[in-house]
Structure formats: C-alpha cells, structure tokens
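Structure first, commentary second.
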Ligand SMILES: Nc1ncnc2c1ncn2[C@@H]1O[C@H](COP(=O)(O)OP(=O)(O)O)[C@@H](O)[C@H]1O
Ligand SMILES: [Mg+2]
C-alpha cells in the first residue's frame, strides 16, 4: 500500500490505521523495519504509532540510546521496542543487547529505524519505506 501524506495529521492517521492491522505471531516478535533517509519521517511515524497504542511518554529519535522499550496496556503486545540502528557499527552490538531473546518473544512489537544496518540479523519483518516528496509531503509505502 502506498500513501502520500501531506501533513503530520495524515501521517498520524496512516500510523494509526497501520497499528490496527498489527497481529501477533506465534513464533516470535512482530517486527517492523522503517526504511528511509534522514528526515523522511520514520521517527514521526513511530511517535504516532506509539500514541495510537496508548503510549503517552515522548518518543524521541533514540540518537544516544540504540533501543528504548515501552510497556503497553490493552494491546496484543506487552512491549513496544523502538530501535534506531543508525549508529550501530556491527551486528554484535545488537546481539549483545539480547537481540535473540527480544525477537523471539511474541509479546514484543519491534520497530527499527535503519534496519539495513543490521540486515544480517533482521528476522522476517514488515517493510515500511519513507520518502521525502516535498517540504510537507512524505510517501509512505507499506509492504
Ligand atoms: N507529512 C509529513 N509526515 C511526517 N513528517 C513530516 C511531514 N511533513 C513534514 N514532516 C517533518 O519531517 C521531519 C521528519 O523527521 P523524522 O521523523 O525525525 O525523520 P527520520 O526519523 O526519518 O530521520 C519532522 O521534522 C516532521 O515534522
Ligand atoms: Mg529517526
């Protein structure tokens, strides 16, 4: 599915609709890869996704922390785990953060910015691509 978002409000709506399509898996975490250049809207989408899952804490670009975990109430998932892999130098770094354990828990919803940085250890995942169209427009493709 492809969307052109012309405002933050439209991105919020796309994120909220996406949230409602999510299902847990029996054999592991539900994993979402957020692909796209800097400023294409990955973190913004995450903010609205988190909001629609009931998270009131602020979602920031986790520039200094690679991974941040949020507890979820009234969701099919227990945790939303937001990862920004931009600064990861090697996949070992992720493995050291209990990656194998995190991806094997069906109660986890994992969203990763810059998943291409850890392509070798990414489990099968939902692919969302973000593109900068103009100042206020973003193309969001969900596969
Ligand atoms: N339609 C839109 N959807 C999402 N973000 C938008 C939109 N129009 C402008 N923006 C702006 O684009 C920027 C996207 O930044 P961010 O989400 O941090 O990108 P990334 O995480 O991909 O680097 C934000 O400053 C946001 O306000
Ligand atoms: Mg970001």
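Please treat every number below as a calculation from the coordinates, not as lab data. Bear in mind that the values here come from a model prediction, so they are computed numbers and not experimental data. All Cβ positions, even for glycine, are placed from backbone atoms using ideal geometry, and neighbour counts span all protein chains on display.
Residue 60 passes every criterion in (1) within 13 Å of ligand 1 (Cβ to nearest atom); (2) within 23 Å of residue 121 (Cα to Cα); (3) surrounded by fewer than 19 Cβ atoms within 10 Å (Cβ to Cβ) apart from (2). Applying the criterion of being surrounded by fewer than 16 Cβ atoms within 10 Å (Cβ to Cβ) and touching a helix residue (DSSP H, G or I) at 6+ places or on another chain (Cβ under 9 Å) to the residues of region 112-132, the residue that is nearest to residue 29 (Cα to Cα) is 126. The set of residues in region 71-111 that are in contact with a helix residue (DSSP H, G or I) (Cβ under 7 Å, 6 or more places away or on another chain) and within 16 Å of ligand 2 (Cβ to nearest atom) comprises 80, 81, 82, 85, 86, 88, 110, 111.
Within region 33-49, if we keep just the residues that are over 24 Å from residue 121 (Cβ atoms) and part of a helix (DSSP H, G or I), the residue that is nearest to ligand 1 (Cβ to nearest atom) turns out to be 44.
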